[in-house]
Amino acid sequence: MHNHNLLTQILKGIQSHPDRNAFFIDGKYHTYKSLAKRISEIYNIIKQHTGPTAQCIGIIEKNNIETYASLLAVLFSGNTYVILNPQNPNCRNRIIVESTDIQLILHSDEDNCSLDIPKYVNLISTIDVKSESILDKIMTQVDSDSLAYIIFTSGSTGVPKGVPISHGNLNAFYDAYSSLNFNLNKEDRLLQMFDLCFDVSVVSTLYPLTLGACIFTVSQNSVKYTQVYELLEDEELTFAAIAPSLLSYLQPYFEEINLPKLKYLILTAEASNWDLLSQFITCAPNAELVNLYGPTEATIYCTSYRVNPNDIDTYNGMLAIGKAFKSMHAIIVDENLQEVPKGEKGEMCVAGAQLMEGYWKDPKKSKEVFVELDCFEVPTRYYRTGDICFIDEKDCIHYCGRKDYQVQIQGFRVELNEIEHTVRQYHSIGSNVVLAKPNQLGNQELHLFIEKYEGEETSIIDFLKEKLPIYMCPQNIYGINELPLNSSGKVDRKKLLELV
Amino acid sequence: MELSQVLEEVNSIFCKVLNKPTIILTESSTADDVDEWDSLNNIRLIAEVEQHFKVKFKLREIMKLKNVGELCTNIQKKTA
């Protein structure tokens with residue numbers, strides 16, 4: 001029987017493949033044997049500086065082997081890792097350190113770490129620590145309630161929200177993810193392009209290690225899309241999870257791209273536009289496309305949709321998000337939290353073993369997002385995703401947009417995605433985003449940001465007027481070379497709003 | 001065109017696109033040296049450079065550019 005303890009499987013992967021490559025970072029390979037040594041060294045440091053009670057340990061993110069080994073050492077030690085991104089404003093990192101009561105921070109800077117860290121925190125460099133591998137002595141039977149990591153996401157009030165994910169959550173995720181039956185083994189070469197403060201990095205890093213496969217990382221500081229393309233093509237990667245925006249950056253060059261070795265392309269982190277993907281398919285003729293959806297609160301991914309190019313399920317041009325993972329249940333509810341019939345839109349709520357217990361030290365916020373619903377004749381705890389979805393006749397879930405992207409214009413309910421979709425019918429090169437912002441009179445005004453559009457404003461407005469009710473036509477149109485992205489690779493709507 | 005002249009013109013394109021008049025590029029400058037130089041701005045910079053010098057870059061050429069000096073040498077070759 002398959003063992004669903006992720007840490008045990010990682011340890012087994014590391015020990016069974018000493019001479020194979022575990023990581024390819026910045027042009028250099030690192031074997032499993034050298035990874036094991038690194039983890040052991042950092043594990044020893046952690047044990048010297050921590051007591052028997054689990055605690056949060058900060059890791060300052062860098063694209064190097066020490067950072068990845070630190071993450072694994074913290075997990076093996078039964079403690080909780082919290083990533084601190086040096087690109088973040090100092091005050092944000094400080095809030096994270098203070099709210100998680102971090103006493104120990106691991107860094108891998110050659111010089112002293114430049115972060116503004118409270119004086120009481122033990123700041124330890126993981127470079128040049130020497131000790132023998134003790135991985136065979138490590139116990140991986142960590143209590144399933146203990147926390148594996150806390151990821152901080154932006155909070156609506158401006159203070160970052162901590163999402164704590166337990167080993168139990170992670171094991172449930174691993175079990176379900178393994179059941180997707182990707183045909184992968186130790187020979188595979190997998191991409192890890194996400195910042196470590198974004199949770200897709202967790203699966204992109206941990207899962208390949210269970211197979212004894214090699215992970216190819218991308219540096220966070222410079223130009224990502226060219227690095228990703230370079231790895232995909234030159235290193236002949238076989239598996240890549242990416243944000244669809246990355247493909248839109250590469251779109252002008254699709255004719256040059258040839259990735260016959262790519263077996264799987266995972267689309268995640270944002271809605272996937274089928275127009276763009278269908279153009280990309282010729283670049284990766286042997287790749288299966290899989291759309292994976294999930295809020296951080298439900299551990300990385302919780303629904304999956306495997307694309308069959310001959311039978312595509314889309315809504316407003318966006319790929320379906322498919323069906324719930326095996327340990328999860330998804331329902332669509334109306335404003336009164338009543339389940340809606342098939343085909344009707346509502347907010348998606350998810351329940352199951354991948355759900356976090358609650359936001360870190362924020363019972364008020366937790367209370368807002370959790371709700372008890374009697375779906376199985378017993379009250380079950382559901383997480384309200386804030387995502388508007390519907391389930392079609394084939395039991396396939398479709399994502400229609402964020403609850404908060406749905407706006408009221410002159411009393412009419414408007415889905416901004418619908419406008420974006422209509423704009424794409426007129427101008428299919430690149431992406432577009434529609435935002436609503438109250439004007440001086442407090443009325444919502446629609447703003448359309450459109451990539452690579454050189455035509456007249458009036459001609460696009462005339463087209464939209466033909467397709468949409470007048471109240472859905474944007475008042476302002478901005479041509480933009482590329483839509484800005486945030487650190488998670490999603491379109492940065494806040495930044496766009498600032499331009500208005 | 002002299003390399004120094006290409007560099008000067010590339011420098012003013014960077015200042016304009018990144019909206020930062022204080023940028024001073026050298027041949028060894030890379031994306032790590034300029035805070036605003038990310039994926040999004042790289043696309044804008046390349047587009048502006050292509051338009052200004054009336055040249056076209058392939059993705060593979062962009063990918064192989066390790067610093068500003070290599071970008072300038074490439075422009076020089078293409079405009080020769």
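Values in this text are rule-based calculations from the coordinates and carry no lab data. Here the structure is a predicted model, which means the values were calculated and not measured. Here the Cβ positions follow ideal geometry from the backbone for every residue, glycine too, while neighbour counts run over all protein chains shown.
One quarter of the convex hull surface, Cα atoms only: what value does that give for chain A in nm²?
Over every viewing direction, the Cα hull of chain A projects on average to 24.7 nm².
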Neighbour-limited loop hits for chymotrypsin sites (Phe, Trp or Tyr not before Pro), region A:337-390 (at most 15 other Cβ within 10 Å; DSSP other than H, G, I, E, B): A:F376
task: Using a Förster distance of 51 angstrom, determine the FRET efficiency expected from the C-beta separation of A:L468 and A:S219, and round it to 0.05.
output: 0.75
Proximal lysines to A:K495, defined as alpha-carbon separation beneath 17 angstrom and excluding residues fewer than eight positions away on the same chain: A:K437
- line: Of the candidates A:T238, A:G13, A:N181, the farthest towards the positive dipole end of chain A (Lys/Arg Cβ +1, Asp/Glu Cβ -1, centred on the Cα centre) is A:G13
- prompt: Which order do peptides A:271-284, A:14-27, A:188-201 fall in by mean Cβ count within 10 Å, highest first?
  reply: A:188-201, A:271-284, A:14-27
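Taking the Cα centre of region A:6-221 as origin, work out the dipole magnitude from +1 charges on Lys and Arg Cβ and -1 charges on Asp and Glu Cβ, in debye rounded to 20.
Dipole magnitude for region A:6-221 comes out near 200 debye.
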task: Within a 10 angstrom radius of each residue's Cβ in B:52-64, how many Cβ atoms of other chains show up on average? Whole number is fine.
output: 3
- request: Select from B:S39, B:V68, B:T79 the residue farthest towards the positive end of the dipole of chain B; place +1 on Cβ of Lys and Arg, -1 on Cβ of Asp and Glu, and compute about the Cα centre.
  value: B:T79
query: Mind ordering A:161-167, A:260-266, A:486-492 by average Cβ neighbours within 10 Å, highest first?
result: A:161-167, A:260-266, A:486-492
task: Could you size up the charge dipole of the protein assembly as shown around its Cα centre, putting +1 on the beta carbon of Lys and Arg and -1 on that of Asp and Glu, and report it in debye to the nearest 20?
output: 720
field: region A:6-221: translational diffusion in µm²/s, Stokes-Einstein, Kirkwood Rh over Cα pairs, 4 °C, 1.567 mPa s
entry: 74
field: Residues of type lysines that B:K78 reaches as a straight line, Cα spacing below 16 Å, ignoring anything fewer than 8 places off in the same chain
entry: B:K54, B:K56, B:K58, B:K64
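So which of B:K20/B:K66; A:K37/A:K186; B:K16/B:K66; A:K224/B:K16; A:K263/A:K452; A:K161/A:K494 end up more than 26 Å apart, counting from Cα to Cα? Before the final figure, lay out the partial values.
Values: B:K20/B:K66 22 Å; A:K37/A:K186 20 Å; B:K16/B:K66 22 Å; A:K224/B:K16 22 Å; A:K263/A:K452 31 Å; A:K161/A:K494 17 Å.
Pairs exceeding the cut-off: A:K263/A:K452.
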Shielding by other protein chains, A:249-261, mean Cβ within 10 Å: 2
- request: Collect residues whose amide H, placed 1.01 Å from N in the peptide plane, falls under 5 Å from the amide H of A:E288; neighbours closer than 5 in sequence don't count.
  value: A:Y264, A:L265
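Quick one: work out Rg over Rh on the C-alpha atoms of region A:410-499, Rh as Kirkwood radius.
0.95
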message: Please give the Cα centre distance for region A:29-61 versus region A:293-348, rounded to the nearest Å.
response: 38
- line: Under the helix-only model (-39500 (n - 2.57) for each DSSP H run of 4 or more, divided by the residues of the protein assembly as shown), the mean residue ellipticity at 222 nm, to 500 deg cm²/dmol, is -9500 deg cm²/dmol
